[in-house]
Amino acid sequence: MSTIFPKAGIFPETSERRHRTCYSTNQVRIFARCALVLFMCANQLLAWGVRPAEPCDTQVSEGCLRGTVTYRERMALSRSAEVHVALVEVREHKEMAIIAELTISTEGRQVPIPFKLRYPLASIHPDHSYVVRANIVMFGDVWFVTRRPVPVLTQGNPHEVQIVVSRSS
C-alpha cells in the first residue's frame with residue numbers, strides 16, 4: 001500500500017519547518033498595529049514641520065520668523081493656490097499694525113507650506129505683543145483662515161511656529 005503523503009522527515013523542507021518561528025495571528029496583528037502607529041507618528045512629525053532648520057540669511061537690521069502653514073481637512077491645494085502670512089502688532093486684543101507680510105505661490109506643493117517672514121528689527125518692541133496669521137486663497141477666494149492668531153517673538157513666544165488654518169465659512 002502506498003500513501004500519497006510522504007512520511008515526516010524524509011524531505012529536507014519538512015525537517016526545516018520544525019525550526020522556523022511561527023507567529024500566531026494575534027502576534028501578527030499586534031506587529032501590524034505597532035507598525036501603523038509608528039508610521040502615523042512619523043507622518044505627523046513631518047506634518048508638524050519637524051525638519052532641520054534652514055538659515056534665514058537676514059541682514060543685521062532684519063529678524064526672521066520661520067514656520068509652516070497647514071490645515072487638517074483632507075483636500076489638496078490647487079496649483080494656483082497662494083498662502084498669505086502676516087506679522088501683526090496687537091494692543092489690547094486688537095490688531096493694530098501689520099509689521100511684515102509674505103505671499104507664497106504654492107505651485108502645486110501641498111501642506112505643510114514652509115515660510116520665512118523677514119521683518120525690520122526696529123519695528124519690534126519687547127514690551128509689545130505680536131501675532132502671526134495666515135490664510136490660503138484658491139481661485140480668487142479665501143478658503144482657509146487663521147481662527148486664532150499665533151503669538152510670536154516677544155514675551156517668551158517662539159520665533160518658529162506652526163500655523164493651523166481652518167476652512168472659512
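The values are calculated or read from the model by the stated rules, or taken from the named source; none is laboratory data. Only a predicted model underlies this, so the values are computations on that prediction, with no experimental measurement involved. All Cβ positions, even for glycine, are placed from backbone atoms using ideal geometry, and neighbour counts span all protein chains on display. Heads up: the accessible areas ignore ligands, DNA and RNA and are worked out on the full protein's heavy atoms, side chains in. Shrake-Rupley method; radii C 1.70, N 1.55, O 1.52, S 1.80 Å.
Restricting the search to segment 113-169, which residues are at positive phi and in contact with an Asp or Glu (Cβ under 9 Å, 6 or more places away or on another chain)?
Within segment 113-169, just Gln155 meets the criteria.
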TODO: Return yes when Ala53 is surrounded by 11 or more Cβ atoms within 10 Å (Cβ to Cβ), at pLDDT below 90 and out of contact with any Gly (no Cβ under 7 Å at 6 or more places or on another chain) and no when it is not.
DONE: no
- [ ] Could you pull out the residue among Glu89, Glu73, Glu107 that is in a strand (DSSP E or B) and either more than 15 Å from Gln162 (Cβ to Cβ) or open to solvent by 60 Å² or more (accessible area, probe 1.4 Å) (or both)?
- [x] Glu89
Open item on the list: Quick check on Ser61: is it small (Gly, Ala, Ser) and either surrounded by 11 or more Cβ atoms within 10 Å (Cβ to Cβ) or in contact with a Gly (Cβ under 7 Å, 6 or more places away or on another chain) (or both)?
Closed with: no
Open item on the list: Looking at segment 111-159 only, could you name the residues that are open to solvent by 40 Å² or more (accessible area, probe 1.4 Å), closer than 20 Å to Val60 by Cβ and assigned to a strand (DSSP E or B)?
Closed with: Lys116, Arg118, Pro120
